[in-house]
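The values are calculated or read from the model by the stated rules, or taken from the named source; none is laboratory data. Note that the coordinates shown come from a computational prediction; the quantities given were computed from them, not determined experimentally. Keep in mind that these areas ignore ligands, DNA and RNA; they rest on the heavy atoms of the full protein, side chains included. Shrake-Rupley method; radii C 1.70, N 1.55, O 1.52, S 1.80 Å.
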Amino acid sequence: MSDLLSVFDENDPGARPTEVRPLPMTGEQRSEIRELFATLDVATASRQFEVTAELTGVRITSVAELDAATAHRLIGALKRRVETSGRLMTGNSWDDREEDTWLDRL
């Protein structure tokens, strides 16, 4: 029985530690992000990196550093920004609500 479990020994010279790397973003994600930045008129790389950090909490210095999961979050956040970009926001959540309440419908 001990021979069967020896493959799980930490001191096994044949064992190689595996590094789990996040999946890189896809070409589709890259294209969508590029289009969303263009829609928002965020044209410079430095500004795009700032917006990426602001929306995802991940600071990057190269597009190659953006993994698929972070790209997914960035796309969602950019889409929300596009949706709200034409609205005048007052800072008052009651006045800035998107849908009518039951009071509005009376």
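Scan 81, 87, 34 and give me the residue that is at pLDDT 70 or above and either assigned to a loop (DSSP other than H, G, I, E, B) or open to solvent by 80 Å² or more (accessible area, probe 1.4 Å) (or both).
It is 34.
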Checklist entry - Can you tell me which residues in region 62-78 are hydroxyl-bearing (Ser, Thr, Tyr) and modelled with pLDDT under 95? => result 62
Item to check | Residue check, residue 16 at pLDDT below 95 and not in a helix (DSSP H, G or I) | outcome: yes
Item to check | Failed criterion for residue 59 (all others in (1) modelled with pLDDT of 95 or more; (2) assigned to a helix (DSSP H, G or I) hold) | outcome: (2)
